[in-house]
Amino acid sequence: MGVGIGICYADNNFTVYYQGEELIAGADNQIEITEYEDNGLSVSMKFPFTLDIHTQKSTTITLSKDQTGTLSGTQNDMCWGVCVSPDQEIISQTFDGKVSRTDETYTTYHPQGIPGTSTIIYTFKSSIRGQEPIVITVKFTYNPPSTATITNVGSSLVLEGDWNATDFDQVNSKADESITSIDMSAIEIPEDAPEITPANPNCLIYVSEIATVPTTWKNVVKGNEAEEVTLTDGYAFCNTKTFTAKQISYTRNYPQEGWSSLYLPFGATELPKGIRIESYSDYKNNTAHFTPIVSSVIEANIPYLAEITSCDTKTFSAIDVQVEESNVTGNVEQGSFIFKGTYSLLTGNDATDLYILDSSDGSGFIKANDTNSIPAFRAYLQAKDGNETLRVTVKHDNPSHLENTLSDNSFNAYGYQGKLFIIADKETDAKIFSVDGRRVKTVNLHEGENIIEDLNNGLYIINNQKVSIQE
């Protein structure tokens, strides 16, 4: 029996031709075909035939070499048929007509079959055994072994290799709340890529400048530009590539009036209503001074204090702004303390010994321990050395509310955990009054920190300073 074998390969479709000049009745003609060029594919096919002009064919296709890819077929994407020499007429149960051949290219007319299960009977008219070549064509789709890789780099996922739509399932499974970016700039996004839904709504998705992505993807940075980035309070943020945002916003709910801190990765060109911003301007005598900003514009990566005068959900926004890498910080240093911001939640040891804002009245920063936390997009004070001060007083220069004014800069006072703390720059006496003008007691102060523990809860006046004592 003479046998001719040919392989056509394009876009993962293998078309395998088997040409037999003489078929043996009832025998299994085992044909091994191996394609080495790209994926080392080995295909094993079995064709059982009957005699002469009556050709009964059922086909089984298996992978006979170790591969991580899959061989797939459905009623519509796998088919087989029979071609003969020019002008040879075929009469069968499902087809009646002629097939032709031009320049060794066979045009095959055949019914569709379900892979591995169909039996199609062809009857050839005027065929001469051993002289008329019969070509059996099997076509299937081969998915080569995936080269898609995904690597955790800090809080980012980095994708490399060749990706198909199915590979993207692992992106959604790995993109938990800790993931702040997904870098796809090195891969080609498949046309049928599924929706990407990171658990962190602030997650950035980096793609190449020429990439086409589904419209459902959010916070996409294409090359060095993003159409829209939407940030939500309560989740971490980290940008690893400088880009320009045509639109960017950050939204936070303020459930009550009072004081808070603010740290944004973009310069907001318009402030929402019901908020007043202050910058860190000075530090002396254990007092951090904050001054209202002159304009309504705040800078990117600069920490601020914010007085909330109306409790609601507020959105900070900007258009056509540059968003720097998150490691570009604008720490503000005054005296022995540095005012810093964070884009991730600080807890436990990361928060210990930092100074967090007393948001009830904005009168000071309290030294944190491992039970405290600092949410993302907030600011805090950090001592430049091993400062043992438990609280740093805040002075709001020209505030709109009642000031804690110092008429004598010899000391300042504050209440903390039911105790009165007075820090003096020299030895002196201090008179403590109730709010109705009664003198409660007089204490002798030494230079440095003084602690008075025998006062009841309430509001006191010490050297014209109003101090609240609460357990």
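The values are calculated or read from the model by the stated rules, or taken from the named source; none is laboratory data. Keep in mind that what you see is a predicted model, and the values were worked out from it rather than measured. Cβ placement follows ideal geometry from the backbone for every residue including glycine, while neighbour counts extend to all protein chains displayed.
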Quick one: in the stretch 209-260, of everything that is under 20 Å from VAL321 (Cα atoms) and small (Gly, Ala, Ser), which residue is surrounded by the most Cβ atoms within 10 Å (Cβ to Cβ)?
ALA245
Matching residues, the stretch 152-173, being in contact with a strand residue (DSSP E or B) (Cβ under 6 Å, 6 or more places away or on another chain), closer than 22 Å to SER344 by Cβ and of a type in the set (A, V, I, L, M):
LEU157, VAL158
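Within the stretch 263-276, how many residues are surrounded by fewer than 22 Cβ atoms within 10 Å (Cβ to Cβ) and aliphatic (A, V, I, L, M)?
Quick first cut of the stretch 263-276, residues surrounded by fewer than 22 Cβ atoms within 10 Å (Cβ to Cβ) only: 267, 269-276.
Remaining after also requiring aliphatic (A, V, I, L, M): 271, 275.
Matching residues across the stretch 263-276 total 2.
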Scanning the stretch 337-367 for residues that are among the polar types (S, T, N, Q) and more than 25 Å from GLU325 (Cβ to Cβ) gives ASN349, THR352, SER359, SER360, SER363
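Being touching a residue at least 60 places away in the same chain (Cβ under 8 Å), surrounded by 15 or more Cβ atoms within 10 Å (Cβ to Cβ) and under 10 Å from the mean Cα position of the chain (by Cα), is that true of even one residue in the stretch 159-172? Working first, answer last.
Kept after step one, since they are touching a residue at least 60 places away in the same chain (Cβ under 8 Å), are these residues of the stretch 159-172: none.
No: the stretch 159-172 contains no residue that is touching a residue at least 60 places away in the same chain (Cβ under 8 Å), surrounded by 15 or more Cβ atoms within 10 Å (Cβ to Cβ) and under 10 Å from the mean Cα position of the chain (by Cα).
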Please verify whether the stretch 319-331 includes one or more residues that are at pLDDT 90 or above and closer than 24 Å to HIS396 by Cα.
yes
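When you go through ILE308, ILE293, ILE277 one by one, which is the residue that is free of Cβ contacts under 8 Å to residues at least 24 places away in the same chain, over 24 Å from the mean Cα position of the chain (by Cα) and farther than 25 Å from ASN224 by Cα?
ILE293
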Quick one: is THR342 exposed (fewer than 14 other Cβ atoms within 10 Å of the Cβ), touching a residue at least 40 places away in the same chain (Cβ under 8 Å) and of a type in the set (Val, Ile, Thr)?
no
Looking at PHE243 and the list (1) more than 20 Å from the chain's Cα centre (by Cα); (2) not assigned by TED's automatic domain parsing to the domain that holds THR315, which single condition is not satisfied?
(1)
Looking only at the stretch 305-338, count every residue that is part of a strand (DSSP E or B) and polar (S, T, N, Q) and tell me the total.
5
